[in-house]
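Comments concern the structure below.
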Amino acid sequence: MKVATLVVAITLIASASVAWADPINPGFDFFVTPASAGTQVDLGSLGIIDLEGVPLPGLPFGIDTVVARKQPGPPEGATNQIDIELVALHLTSISPIDLGGGNFADLHITIDNS
């Protein structure tokens, strides 16, 4: 019984493989911000506003945020920062904001770096 357990343990250890991450190259990352993501903005006297993404025109799958990686990532096994650029973003309030006096408005946050 002890021999069988030892053989199984050695086999599991010998068959374990090392996982390597793919290199991080310059390129783009695309994000979708669902209403359930907990994304918020604090507008002081207007309160904390819950946000959700608005799909960007011409992009699939409801993508609302585009980030560009401007340089390659660090070599394997190292850590470092990568320069990025926020290329596009469109978020809106989940519900209208009470501006007072019976006035309500939707909040849109838009970045378009084109």
ask   = In the range 70-88, how many residues are out of contact with any Asp or Glu (no Cβ under 7 Å at 6 or more places or on another chain) and surrounded by 11 or more Cβ atoms within 10 Å (Cβ to Cβ)?
value = 8
query = Which of (1) within 19 Å of residue 28 (Cα to Cα); (2) loosely packed, with under 11 Cβ neighbours inside 10 Å is the odd one out, the single condition residue 102 does not satisfy?
reply = (1)
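Quick one: in the range 75-86, of everything that is assigned to a loop (DSSP other than H, G, I, E, B) and without any contact (Cβ under 8 Å) to a residue 40 or more places away in the chain, which residue is nearest to residue 28 (Cα to Cα)? Steps first, please.
In the first step, residues of the range 75-86 are kept if they are assigned to a loop (DSSP other than H, G, I, E, B); the result is 75-83.
Now drop any that are not without any contact (Cβ under 8 Å) to a residue 40 or more places away in the chain, which leaves 75, 77-81, 83.
On the way: 75: 19, 77: 22, 78: 21, 79: 20, 80: 18, 81: 16, 83: 12 Å.
Ranking the candidates gives 83 first.
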key: Residue satisfying all of: in the range 58-69; within 19 Å of the chain's Cα centre (by Cα) and in a loop (DSSP other than H, G, I, E, B); surrounded by the most Cβ atoms within 10 Å (Cβ to Cβ) among these   = 64
task = Identify all residues within the range 45-57 that are closer than 16 Å to residue 105 by Cβ, part of a loop (DSSP other than H, G, I, E, B) and either hydrophobic (A, V, I, L, M, F, W, C) or touching a residue at least 60 places away in the same chain (Cβ under 8 Å) (or both); write none if there are none.
result = 54
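FYI, it's all coordinate maths here, none of it is from the lab. The structure displayed is predicted, hence computed values, not measured ones. Quick reminder, even Gly has a Cβ in these numbers, built from the backbone with ideal geometry, and neighbours come from all protein chains shown.
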